[in-house]
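To start, the structure under review is shown below, and the notes come after it.
What follows is calculated from the coordinates using simple rules that are stated; it is not laboratory data. Computed from a predicted model, the values in this text were never measured in an experiment. FYI the Cβ positions are ideal-geometry reconstructions off the backbone, even for glycines, and counts take in every protein chain you see.
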Amino acid sequence: MTKEKYNWKEVGAGLYKSWGEVGDMVEGELIEKLEGQGNFNSRVYSIKQENGDVIKVNGTAVLDSRFTTIGVGDIIRIVFNGTQPSKAPGRNDTKLFSVFVTDPAEEPSVQE
């Protein structure tokens, strides 16, 4: 195997977050809110993590309602809390989330 001359990193596409386990989390700066995406005209949220990776999160009814007061540039955290059966027969289970935003009036806490 030959050694690569450069370290390559894919650009543009971003990584889509898949929610599998309760407690799965993504956090970082909200850099983009897109509407009307894909076959179902969904919302997509792009979150830049501390390491520079951009994670894309597909909107859901729960997430979309939480993001109404969050703006581009805010530092956020999304935590997956599991699912519950849909109230509408034949529909997918509803994914449950907690969404947090930093309080700009407070100094960031440093964890050691």
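In the stretch 20-112, a dipole from Cβ-located charges (positive for Lys and Arg, negative for Asp and Glu) runs towards its positive end, and of Ala61, Gly90, Ile78 it is Gly90 whose Cα lies farthest in that direction. Each DSSP beta bridge with both residues in the stretch 16-101 is either parallel or antiparallel, and the antiparallel ones are about 95%. Taken about its Cα centre, the chain carries a charge dipole of about 620 debye when Lys and Arg each add +1 at the Cβ and Asp and Glu each add -1 at the Cβ. Across the chain, the mean sequence separation of Cα contacts (distance under 8 Å, 6 or more residues apart), normalised by length, yields a relative contact order of 24 percent.
Kindly state, to the nearest 0.05, the FRET efficiency for Lys33 paired with Ala88, given R0 = 30 Å and r defined as their beta-carbon distance. Before the final figure, lay out each step's value.
Numbers: r = 26 Å, r/R0 = 0.87.
It comes to 0.70.
Average 1/r across all pairs of distinct alpha carbons in the stretch 16-101, invert it, and you get the Kirkwood radius: 13.4 Å.
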